[in-house]
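Enquirer: Below: one structure in structure tokens.
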Amino acid sequence: MSDTVLYDLRDGVAAITLNRPEAMNSLTAEMKVALRAAVDMAAGDDTVRAVLLAGAGRAFCAGQDLREHAAALEAGQGLAGTVQDHYNPIVRTITSMRKPVVAAVGGVAAGAGASLAFACDLIVASERASFTTAFTKIGLAPDTGMSWTLQRLVGRAKAAELLLLADPVPAAQALELGLVNQLAPADQLDTVARALAGRLAVGPTAAYAAVKAALDHAATHDLSAALDKEAELQDALAATADHVAATRAFLKKEQPVFEGR
Ligand code: T3D
């Protein structure tokens with residue numbers, strides 16, 4: 001696919017790895033195009049039942065490549081359309097894809113790199129990881145969905161603090177705040193994150209898609225509308241082979257086997 005964004009599909013898990021470790025996986029235009037293609041591919045492939053997003057080397061992702069960004073500013077191109085053309089579609093695809101996405105954060109996640117992690121459904125972080133919103137340090141405001149995701153993860157007051165001050169949040173504090181779901185020792189992050197993605201990949205994929213849809217819908221609707229949405233999703237799930245088989249398996253005191261349909 002690209003040397004800077006690796007794609008590997010195994011056992012129902014599409015592993016997408018940002019691979020420019022020498023620049024902390026900061027995102028060039030070429031990488032963003034490749035990342036957009038990778039998430040589109042994972043979203044559109046029914047054999048992919050969970051996605052794992054990680055960074056190679058000591059960082060998860062340091063956000064926008066600031067060398068390329070500075071060159072665009074010098075050339076009078078401003079942001080060169082990258083928020084609308086790259087960051088926004090990537091986040092829309094990650095959040096709306098009908099399967100869970102796990103971020104494995106092994107080091108620094110900064111700016112749009114942190115936004116990418118926050119857009120994922122679950123985050124496993126190494127004990128060496130840290131998060132910084134970074135944007136205001138260079139006179140920008142949040143993008144790549146962070147104004148939406150961060151306050152839902154930690155509440156508005158903490159989100160305002162993290163965005164205004166942009167201080168680094170070490171892994172242990174990120175766990176306390178609810179920014180991440182789980183910590184792993186640095187040398188076990190890959191194993192722990194892959195095991196989690198693997199567990200999701202053999203789960204009830206349609207139900208997971210409905211969980212994402214229900215949470216996103218409820219975040220912007222009142223209780224009455226959320227009840228209606230739950231009813232609609234539950235009706236659809238009741239007709240899935242996985243639900244029928246899992247109900248039968250329960251009554252027979254057997255473990256269900258989910259086929260993802
Ligand atoms: O079009 C648009 O730009 C709009 C979209 C914006 C989205 C954004 O993401 S804005 C935010 C951009 N990111 C940042 O502002 C973070 C900048 N980086 C840092 O603050 C720090 O590097 C880190 C906190 C990430 C890590 O600090 P540290 O001390 O562990 O490492 P370091 O020494 O600062 O960096 C190591 C190398 O990575 C260094 O290169 P060198 O000197 O060894 O050749 C550094 O320049 C490079 N690097 C780190 N971040 C970036 C980067 N190179 C390019 N772009 C980066 N974002």
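Enquirer: Within the range 231-245, is there a residue that is open to solvent by 40 Å² or more (accessible area, probe 1.4 Å), outside the structural domain of Ala117 (by TED's automatic domain parsing) and acidic (Asp, Glu)?
Expert: Scanning the range 231-245, I find at least one residue that is open to solvent by 40 Å² or more (accessible area, probe 1.4 Å), outside the structural domain of Ala117 (by TED's automatic domain parsing) and acidic (Asp, Glu), so the answer is yes.
Enquirer: For the range 8-42, which positions are open to solvent by less than 60 Å² (accessible area, probe 1.4 Å) and either closer than 14 Å to Thr93 by Cβ or among the aromatic types (Phe, Trp, Tyr) (or both)?
Expert: Ala14, Ile16, Lys32, Ala34, Leu35, Ala37, Ala38, Val39, Ala42
Enquirer: Quick test of your reading of the structure: Ala214 fulfils all but one of (1) open to solvent by less than 40 Å² (accessible area, probe 1.4 Å); (2) of a type outside the set (Val, Ile, Thr); (3) in a strand (DSSP E or B). Name the failing condition by number.
Expert: Evaluating Ala214 over (1) open to solvent by less than 40 Å² (accessible area, probe 1.4 Å); (2) of a type outside the set (Val, Ile, Thr); (3) in a strand (DSSP E or B) leaves (3) as the failure.
Enquirer: Among (1) of a type in the set (A, V, I, L, M); (2) surrounded by fewer than 23 Cβ atoms within 10 Å (Cβ to Cβ); (3) modelled with pLDDT of 95 or more, where does Ala75 come up short?
Expert: Looking at each condition in turn, Ala75 falls short on (3).
Enquirer: Regarding Ser224, is this residue without any contact (Cβ under 8 Å) to a residue 40 or more places away in the chain, within 18 Å of the chain's Cα centre (by Cα) and open to solvent by 50 Å² or more (accessible area, probe 1.4 Å)?
Expert: On the way: without any contact (Cβ under 8 Å) to a residue 40 or more places away in the chain: yes; within 18 Å of the chain's Cα centre (by Cα): no; open to solvent by 50 Å² or more (accessible area, probe 1.4 Å): yes.
So Ser224 fails the test.
Enquirer: Still on this model: I need the helices (runs of 4 or more DSSP H) fully contained in the range 129-196, keeping only those with at least 2 residues that are open to solvent by 30 Å² or more (accessible area, probe 1.4 Å), touching a residue at least 40 places away in the same chain (Cβ under 8 Å) and in contact with a helix residue (DSSP H, G or I) (Cβ under 7 Å, 6 or more places away or on another chain).
Expert: Working: elements: 146-154, 156-165, 171-177.
Helices (runs of 4 or more DSSP H) meeting the threshold: none at all.
Enquirer: Could you give me the residue pairs with C-beta distances under 9 Å whose first residue belongs to the range 62-90 and is among the basic types (Lys, Arg), whose second residue is within 8 Å of the ligand (Cβ to nearest atom) wherever it lies, and which are 6+ apart or on separate chains?
Expert: Arg67/Ala23; Arg67/Ser26
Enquirer: For residues that are within 11 Å of the ligand (Cβ to nearest atom) and either in contact with a Ser or Thr (Cβ under 9 Å, 6 or more places away or on another chain) or of a type outside the set (Lys, Arg) (or both), tally how many sit in the range 123-144. Let's see the steps before the verdict.
Expert: Residues of the range 123-144 that are within 11 Å of the ligand (Cβ to nearest atom), as a first pass: 128, 130-144.
Going one step further and asking which of them are either in contact with a Ser or Thr (Cβ under 9 Å, 6 or more places away or on another chain) or of a type outside the set (Lys, Arg) (or both), we end up with 130-136, 138-144.
Summing the residues that are within 11 Å of the ligand (Cβ to nearest atom) and either in contact with a Ser or Thr (Cβ under 9 Å, 6 or more places away or on another chain) or of a type outside the set (Lys, Arg) (or both) in the range 123-144 gives 14.
Enquirer: Consider Val124 against the criteria (1) assigned to a helix (DSSP H, G or I); (2) crowded, with 17+ Cβ neighbours inside 10 Å: it satisfies all of them except one. Which criterion is unmet?
Expert: Result: Val124 passes all but (1).
The values are calculated or read from the model by the stated rules, or taken from the named source; none is laboratory data. All of these numbers come straight from a predicted model, not from anything done at the bench. Methodologically, a virtual Cβ is constructed for each residue, glycine included, from the backbone with ideal geometry; neighbour enumeration extends over all protein chains shown. Calculation scope for accessible area: heavy atoms of the full protein, side chains included, ligands and nucleic acids excluded. Shrake-Rupley method; radii C 1.70, N 1.55, O 1.52, S 1.80 Å.
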